[in-house]
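Written below as structure tokens is the structure these notes are about.
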Amino acid sequence: MAVAGEAVAPPPGIAGFVQSPAGRNVLLSLGIAAALGLIVAGWLWTQQPEYRVLFSNFSDRDGGAIVASLQQLNIPYKFAEGGGAILVPANQVYDARLKLASQGLPKGGNVGFEIMENQKLGVSQFLEQVNYQRALEGELASSIQSLAAVQAARVHLALPKASVFMREQQKPTASVLLNLSPGRSLDEQQVSAIVHLVASSVPDLSAKNVTVVDQAGDLLSSSEKMAGTNGLDPAQLKYVQELQHNIATRVESIIVPIVGANNVRAEATADVDFSHTEQAAETYKPNQPPNEAAVRSLQTSETAGGSPNNATGIPGALTNQPPAPATAPINAAPAAAAPAPSSAGNTHKDSTVNYEVDKTIRYMQQPMGGLKRLSVAVVVNYKHEIDKAGKVTVRPLSDDEKTQITNLVKEAMGYNKDRGDTLNVVNSAFAGPDSIAEPIPIWKRPDDMIELAKEYGKWLLYIIVAFWFYRTFVRPMINKLKKSIDPTAEHEHVGEEGDEDAIVDLSTQHEVEPMGNAVRTYQDNLDAAKELARQDPKVVANIVKAWVGGANE
């Protein structure tokens, strides 16, 4: 049996290198590196991004262009559904779509006017007309697909043959089928834009002959939808809404500095007249006295002529005197009338006066969008005040304060009594915040439970693998490194669970075993320890002292 203090040479080869201090350090370094690599790999595995569909159902040409652009943009991608869809990380889907849209991708598989470039010699007129119609439909579909909410579009044109007879002429018609993006919709103004785009691209095609349908079969171009409510188009409805919103905003902005934020609410209703009126009126005044009327023209004519009559009557001086006033008795019979003296000649006078006719001509044109009536309702919260003790008290507004707010609102809204405007200001306490709805338990949300189980399952599997790797590789290497560094640790505990600790001389492990005794038993180790204690008790005392010191630490 070798002495405990003697050094035992390690066996040659790989086993000797592993048992040497340098080999142990190398193995420890490799174990630490493997542990760090496992930790980094587990973290990267848990942080693996979720992939979403970027584009699907695209042509081969568009697919190649999209992949090339993604490679230039350094965006990772995958193929799914047998190459029919391109997947990118979920947090880069919209960014990638915007960047590819700026490059005009995907271009789509619509056939445009490039089909006219491959015309063959001897093509019939009918085939030329069909190719032209296909090209026009493809160009219109590509233009409609450029809208953000439209994912795909198809256009069908019905172009009748031209005829020299007016009664046989027919107007062209068009049908548009839209495939909208998920979660997107078109408003009436956008549908009207598509209708007018198609109508303007085809000769003699009116907007009323264009039909727009979405992928769900809903008719989007109906006259009721495009005209809006009450016969108003979307632009008029938008004007009314903006007018009402602006009035309510002006009212709230002028009252907020007085009552504070979130203490006033205002709503306005505007009655707008969109009728376009033109009026022409011609009125005549009644006849006026001549001295007040304006003379337009005056014409006077006088004619005198003829021979004088012979003198009649009694000759003498009485003939040249004027006759005496006539008197007639009441009951007397009327006397015979004396013959009137004849004039010396005939005189004729004519006078014609034309007065101006008094009339008024008025042309009146009323513009569209005139405000007929305005109604505003304002609710003001009770006033909050802080007393000297720091307590907040709530009180209603006084009459003077309400009058002041009413006057300010009238000025802000442009109140006009002659127009029939109305205003109602109410002072009332505001109700508290609405009760928050109770969240739905997670066990009632199966989708969320599955996602949560996946997330926690990743971390749990990662922890289990890391713990197994630590117990299997890292911990034994650390123990061996400690033993190689501590020179006093020459003995170790051996034996199975439930057995007593046996002191083993580390130096005896390298002794050459006798023939037939290749494996040392527990009794052999115990005998060797007893023999060592009898021969060199000092060494055993140092070992026990080292054990006690390690236990105290």
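The values are calculated or read from the model by the stated rules, or taken from the named source; none is laboratory data. Everything numeric here is computed off the predicted structure, so don't read it as measured data. Note that we place each Cβ from the backbone using ideal geometry, even for glycine, and neighbour counts take in every protein chain shown. Side chains included, ligands, DNA and RNA excluded: accessible areas come from the protein's heavy atoms. Shrake-Rupley method; radii C 1.70, N 1.55, O 1.52, S 1.80 Å.
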Of the conditions (1) within 22 Å of Ser181 (Cβ to Cβ); (2) open to solvent by less than 50 Å² (accessible area, probe 1.4 Å); (3) at pLDDT 85 or above, the single one that Ala80 does not satisfy is (3)
When (1) at pLDDT 90 or above; (2) aliphatic (A, V, I, L, M); (3) surrounded by fewer than 18 Cβ atoms within 10 Å (Cβ to Cβ) are applied to Val210, the one that fails is (3)
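Does at least one position in the range 460-481 carry a residue that is in a loop (DSSP other than H, G, I, E, B) and at pLDDT 50 or above?
Step one: of the range 460-481, the residues in a loop (DSSP other than H, G, I, E, B) are none.
For the range 460-481, residues in a loop (DSSP other than H, G, I, E, B) and at pLDDT 50 or above: absent.
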Taking the range 1-50 and the residues there that are of a type in the set (D, E, K, R) and more than 60 Å from the chain's Cα centre (by Cα), the one that is modelled with the highest pLDDT would be Arg24
Restricted to the range 83-126 and to residues being open to solvent by 60 Å² or more (accessible area, probe 1.4 Å), touching a helix residue (DSSP H, G or I) at 6+ places or on another chain (Cβ under 7 Å) and modelled with pLDDT under 70, the residue nearest to Asp62 (Cα to Cα) is Lys107
Asp187 passes all but one of the listed conditions (1) over 25 Å from Arg134 (Cβ atoms); (2) more than 20 Å from the chain's Cα centre (by Cα); the exception is number (2)
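Does Gly432 count as of a type outside the set (S, T, N, Q), open to solvent by less than 90 Å² (accessible area, probe 1.4 Å) and modelled with pLDDT under 90? Spell out how you get there, then give the answer.
Details: of a type outside the set (S, T, N, Q): yes; open to solvent by less than 90 Å² (accessible area, probe 1.4 Å): yes; modelled with pLDDT under 90: yes.
So Gly432 passes the test.
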Residue pairs within 7 Å by beta carbon, gap of at least six or interchain, first lying in the range 362-386 and among the charged types (D, E, K, R), second open to solvent by 60 Å² or more (accessible area, probe 1.4 Å) and in a strand (DSSP E or B), listed first then second, are Lys372/Asp271; Arg373/Asp271; Lys383/Arg395; Glu385/Arg395
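Before we move on, is Glu438 open to solvent by 60 Å² or more (accessible area, probe 1.4 Å), over 30 Å from Leu44 (Cα atoms), outside any helix (DSSP H, G or I) and modelled with pLDDT of 50 or more? Walk me through how you get there before you give the answer.
Numbers: open to solvent by 60 Å² or more (accessible area, probe 1.4 Å): yes; over 30 Å from Leu44 (Cα atoms): yes; outside any helix (DSSP H, G or I): yes; modelled with pLDDT of 50 or more: yes.
For Glu438, the condition - open to solvent by 60 Å² or more (accessible area, probe 1.4 Å), over 30 Å from Leu44 (Cα atoms), outside any helix (DSSP H, G or I) and modelled with pLDDT of 50 or more - is met.
Taking only the range 356-401 into account, find how many residues are part of a loop (DSSP other than H, G, I, E, B) and of a type in the set (Gly, Ala, Ser).
Count: 4.
Hey, could you check the range 213-236 for residues that are of a type in the set (Asp, Glu) and modelled with pLDDT of 85 or more and say which is most open to solvent (accessible area, probe 1.4 Å)?
Our first condition is that a residue be of a type in the set (Asp, Glu); within the range 213-236, this holds for 214, 218, 224, 233.
Narrowing the set further to residues that are modelled with pLDDT of 85 or more leaves 214, 218.
Numbers: Asp214: 19, Asp218: 78 Å².
It comes out as Asp218.
Of Thr319, Thr393, Thr327, Thr283, which residue is out of contact with any Leu (no Cβ under 7 Å at 6 or more places or on another chain), open to solvent by less than 100 Å² (accessible area, probe 1.4 Å), at pLDDT below 60 and among the β-branched types (Val, Ile, Thr)? Don't jump to the end; show me each part of the working.
Details: Thr393 fails: at pLDDT below 60; Thr327 fails: open to solvent by less than 100 Å² (accessible area, probe 1.4 Å); Thr283 fails: at pLDDT below 60.
Result: Thr319 is the single residue among Thr319, Thr393, Thr327, Thr283 that is out of contact with any Leu (no Cβ under 7 Å at 6 or more places or on another chain), open to solvent by less than 100 Å² (accessible area, probe 1.4 Å), at pLDDT below 60 and among the β-branched types (Val, Ile, Thr).
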Given (1) surrounded by fewer than 16 Cβ atoms within 10 Å (Cβ to Cβ); (2) assigned to a loop (DSSP other than H, G, I, E, B), Ile75 misses just (1)
Exception for Arg154 within (1) at pLDDT 85 or above; (2) open to solvent by 70 Å² or more (accessible area, probe 1.4 Å); (3) within 31 Å of the chain's Cα centre (by Cα); (4) over 16 Å from Leu220 (Cβ atoms) falls at (4)
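Which of the residues spanning the range 157-195 are in a loop (DSSP other than H, G, I, E, B) and closer than 28 Å to Leu54 by Cβ? Walk me through it before giving the result.
Looking only at the range 157-195, we keep the residues that are in a loop (DSSP other than H, G, I, E, B), and these are 159-165, 169-172, 181-187.
Within the range 157-195, Ser181, Pro182, Gly183, Arg184, Ser185, Leu186, Asp187 meet the criteria.
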